[in-house]
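Some notes on the structure that comes next.
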């Protein structure tokens with residue numbers, strides 16, 4: 001099973017499972033189709049959006065582990 005890490009990009013997470021979209025949206029990350037989402041890590045994007053990256057990564061992995 002894939003695990004999300006804070007050094008992955010949003011695009012990489014979406015490639016693992018498009019079902020993660022609602023999680024990103026819940027955290028205010030609406031830039032899923034933005035070109036930056038392919039080069040900016042979750043840690044970098046979280047810093048820009050004022051989000052706790054560890055909380056986001058946990059939410060994404062909790063979702064993936066529940067599948």
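Each value in this text was obtained by applying a stated rule to the coordinates, not by laboratory testing. Predicted model only: the values in this text are computed from it and were never measured. Cβ coordinates were reconstructed from backbone atoms using ideal geometry, including for glycine residues, and neighbour counts include every protein chain displayed.
Here are some notes:
- Net length gained if the chain between residue 2 and residue 31 were fully extended (0.36 nm per residue, minus Cα distance): 8.2 nm
- Relative contact order for the chain: 46 percent, from Cα pairs under 8 Å spaced at least 6 residues apart, divided by residue count.
- Distance (nanometres) between label positions extended 7 Å along Cα→Cβ at residue 62 and residue 12: 2.3
- Rounded to the nearest 500, the helix-only mean residue ellipticity at 222 nm of the chain stands at -14500 deg cm²/dmol, with each DSSP H run of n ≥ 4 adding -39,500 (n - 2.57).
- Taken over the chain, the convex hull of the Cα atoms encloses 72 Å³ per residue.
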